[in-house]
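First up is the structure itself, then whatever we jot down about it.
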């Protein structure tokens, strides 16, 4: 998800599997909370991806 320009962590930046795991955790744990808005701003592509697969 390079289009976001950043990864959730340094470890996720160097490990695609970890990027997916951390992004999924961020998506589901922020869903419906005030943190979701910030997450969607910072990681737009990741949130759009998980929106699609969560349907």
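At-a-glance table
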item	result
Residue match in the range 13-26 (condition: modelled with pLDDT under 95, surrounded by 14 or more Cβ atoms within 10 Å (Cβ to Cβ), in contact with a helix residue (DSSP H, G or I) (Cβ under 6 Å, 6 or more places away or on another chain) and assigned to a helix (DSSP H, G or I))	no
Tabulated pairs, the range 42-55, first under 15 Å from residue 22 (Cα atoms), second loosely packed, with under 13 Cβ neighbours inside 10 Å and modelled with pLDDT under 95, C-beta under 8 angstrom, 6+ apart or interchain	42/6; 43/6; 44/3; 45/3
Of all residues making up the range 1-22, the number that are within 18 Å of residue 44 (Cβ to Cβ) and under 11 Å from the mean Cα position of the chain (by Cα)	10
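The values are calculated or read from the model by the stated rules, or taken from the named source; none is laboratory data. Since the structure is predicted, the reported quantities are computational estimates derived from the model, not experimental observations. In this analysis, Cβ positions are derived from the backbone assuming ideal geometry, glycine residues included, and neighbour counts consider all displayed protein chains.
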